[in-house]
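J.: This is the structure I have questions about; it appears just below.
The values are calculated or read from the model by the stated rules, or taken from the named source; none is laboratory data. Every value quoted in this text rests on a predicted model; they were computed, and no experiment measured them. Cβ placement follows ideal geometry from the backbone for every residue including glycine, while neighbour counts extend to all protein chains displayed.
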């Protein structure tokens, strides 16, 4: 029975991540707790190491070295295995040349794994314009599974490919001398990397185009994004509220909603605070598309030095 359970897990998980051609492949990677708690609406904000995976231009905003690590427990209702993902990121300012970032994020299960290694470069132009580019190596693998009845072992599957992301952020200016308005744009998988083992056309990851508008004040910020990927369009909205200056405690919430022929979405919330330079963030995500599997929990630690 254990062998059948392993095969069942692989079938379910592959079905989830490749349910719409290759659109969902690697989708859970690189989503740290802060942007995840804000519903993924991070294209115009992108002011921490998470920018590497949302909008590379945002990395130019960082003024000092930063590192972040994250662990996430996914779909706990699937109790026959523990699905989880992680990320590790580091940002190094290089003076007038801009900022460099490197990151590794992955998803792990007993019989399946995804990995993405990223290198990002970003810099500011004319004070109000930020530009960035990310090159990434994508890799997935499925371990062989042995049928307990026949004793036959399936073939070991794996595939790797190269992807390219670009982004820009522009500060529009002050709104009634109270809030700062910014717009962000990002294009991911520009070269449509093929993650199919056979090289089939359906294995190409579609280009993802994102546009975000941010309203930023001293006590709160609100962002709305529109994301278009393949034949899907998503509306993402999120906020971050500074509830206490002590430890810079912030509360976050957000939602992701599908449009058109697709129904459902995701609701999220979380918080973050800083203690002696160590940033601690948490997010909880609940999907309305995948029923009876519980919500996902994300934790991260960050450090500025």
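J.: So which residues in the stretch 71-96 are in a strand (DSSP E or B) and at pLDDT 90 or above, if there are any at all? It would help to see each step written out before you state the result.
T.: We begin by selecting, within the stretch 71-96, every residue in a strand (DSSP E or B); these are 71-74, 83-93.
Result: 71, 86, 87, 88, 89, 90, 91, 92, 93.
J.: Could you tell me whether any residue of the stretch 180-198 is over 29 Å from residue 162 (Cα atoms) and surrounded by fewer than 20 Cβ atoms within 10 Å (Cβ to Cβ)?
T.: Within the stretch 180-198 (the criterion being over 29 Å from residue 162 (Cα atoms) and surrounded by fewer than 20 Cβ atoms within 10 Å (Cβ to Cβ)), the answer is yes, since at least one residue qualifies.
J.: Can you find a residue in the stretch 134-147 that is outside any strand (DSSP E or B), touching a helix residue (DSSP H, G or I) at 6+ places or on another chain (Cβ under 7 Å) and in contact (Cβ under 8 Å) with a residue 40 or more places away in the chain?
T.: yes
J.: Please specify each residue of the stretch 200-233 satisfying the condition of being more than 21 Å from residue 181 (Cα to Cα) and either in a helix (DSSP H, G or I) or touching a residue at least 40 places away in the same chain (Cβ under 8 Å) (or both).
T.: Within the stretch 200-233, 201, 202, 203, 204, 205, 206, 229, 230, 231, 232 meet the criteria.
J.: Checking residue 14 against (1) farther than 19 Å from residue 139 by Cβ; (2) surrounded by fewer than 17 Cβ atoms within 10 Å (Cβ to Cβ); (3) modelled with pLDDT under 95; (4) more than 16 Å from the chain's Cα centre (by Cα), which single condition isn't satisfied?
T.: Tallying (1) farther than 19 Å from residue 139 by Cβ; (2) surrounded by fewer than 17 Cβ atoms within 10 Å (Cβ to Cβ); (3) modelled with pLDDT under 95; (4) more than 16 Å from the chain's Cα centre (by Cα), residue 14 fails exactly one: (1).
J.: Moving on to the next point. Taking the criterion of being part of a loop (DSSP other than H, G, I, E, B) and in contact (Cβ under 8 Å) with a residue 12 or more places away in the chain, would at least one residue in the stretch 158-172 satisfy it?
T.: The answer is no, given that none of the residues of the stretch 158-172 is part of a loop (DSSP other than H, G, I, E, B) and in contact (Cβ under 8 Å) with a residue 12 or more places away in the chain.
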